[in-house]
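K.L.:
After the structure tokens below, expect a handful of questions from me.
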Amino acid sequence: MSEKEAIRGRMLSIRKGIPDEEKHEMSKRIMERLFDLEEFGNAKTVAFYLSKKDEVDTWAMVEEAARGKEVLLPIVKVHFLAACRADAAQVAKGCDQKVKEKSLKFVYYEKNGKMRRGPYGIMEPVGEEFAGGIMDLMVVPLAAADRGGNRIGMGKGYYDRYLNGEGPKPKVLVGLCFDFQVMENVPAEAHDVPLNIIITNKEIIRVKR
């Protein structure tokens, strides 16, 4: 088990043990801090995620933000790619093997719009894909972070691939978590994209670089 995996497992276990009512109250304080941010107030287009049980609750944030902003939510798209063996016999026959690749995209959220359950059981909007333009701010989930903006995600790597890919990038990257999830140091790799701001139920951390 890697150091990242060990930290992720420990933090998620602690988070799971917190009573729901306490998590709800902490989430409310995080929402207040997020909505008080100057960067959030000035943002026209904001990308959120829809939280699962035990995560910082973002459902109320999405509904409130949608009153005056363009809100984007992630969807997991599945692509099937040809995967041929590099031998003459296979090439002669043509390629009939396929591998499944998943990637993160963002879709415009509409209040009372159609939703569906995605590959990981997370609700996803059905609608127009955000293909270009300005993404002023993106809110991301995390298992742990440090004050240098380094983030340990949920282990699938979707956000790292998106942020390192060719799609529209946010001007400001914000991580939401409970206070105990902020550590002195978390391991970082070259492909990891650091956070600009971390918001907990106790403080706002602005990352200095």
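The values are calculated or read from the model by the stated rules, or taken from the named source; none is laboratory data. Bear in mind the structure is a predicted one, so any value in this text is a computation, not a measurement. All Cβ positions, even for glycine, are placed from backbone atoms using ideal geometry, and neighbour counts span all protein chains on display.
K.L.:
Looking at (1) within 28 Å of ASN42 (Cα to Cα); (2) at pLDDT 95 or above; (3) not acidic (Asp, Glu), can you tell me which one MET183 breaks?
P.N.:
(1) is the only condition that MET183 fails.
K.L.:
Which members of the range 176-193 meet the condition of being over 18 Å from GLU5 (Cα atoms) and not hydrophobic (A, V, I, L, M, F, W, C)?
P.N.:
ASP179
K.L.:
Need pairs with beta-carbon distance below 8 Å; first residue on the phi > 0 side of the Ramachandran plot and within the range 27-54, second of a type outside the set (D, E, K, R); sequence gap 6+ or separate chains.
P.N.:
Between residues of the range 27-54 that are on the phi > 0 side of the Ramachandran plot and residues that are of a type outside the set (D, E, K, R), the close pairs are ASP54/LEU12; ASP54/ILE18.
K.L.:
Could you run through the range 1-40 and say how many residues are assigned to a loop (DSSP other than H, G, I, E, B) and modelled with pLDDT of 95 or more?
P.N.:
From the range 1-40, those assigned to a loop (DSSP other than H, G, I, E, B) are 1-2, 17-19, 37; that's our starting set.
Of the ones still in play, those that are also modelled with pLDDT of 95 or more are 17-19, 37.
Here the count works out to 4.
K.L.:
Then there's this: Pairs only if they're at least six apart or on different chains, beta carbon under 8 angstrom, first in the range 111-124 and closer than 16 Å to MET61 by Cα, second surrounded by 11 or more Cβ atoms within 10 Å (Cβ to Cβ) and polar (S, T, N, Q); list them, first residue then second.
P.N.:
none
K.L.:
Where in the range 102-209 are the strands (runs of 3 or more DSSP E), entirely inside, with at least 3 residues that are buried (at least 20 other Cβ atoms within 10 Å of the Cβ)? Quick ask: steps written out before the conclusion?
P.N.:
Details: elements: 115-117, 123-125, 135-140, 144-146, 170-176, 197-199, 204-206.
Fully inside the range 102-209 and qualifying: 135-140, 144-146, 170-176, 197-199.
K.L.:
Identify, please: which residue in the range 55-85 is closer than 23 Å to ARG117 by Cα and modelled with pLDDT under 90 and is, among those, nearest to the chain's Cα centre (by Cα)?
P.N.:
In the first step, residues of the range 55-85 are kept if they are closer than 23 Å to ARG117 by Cα; the result is 55-66, 70-80.
Applying the additional criterion that residues be modelled with pLDDT under 90 yields 76-80.
On the way: VAL76: 11, LYS77: 15, VAL78: 17, HIS79: 20, PHE80: 23 Å.
Only one residue tops the list, namely VAL76.
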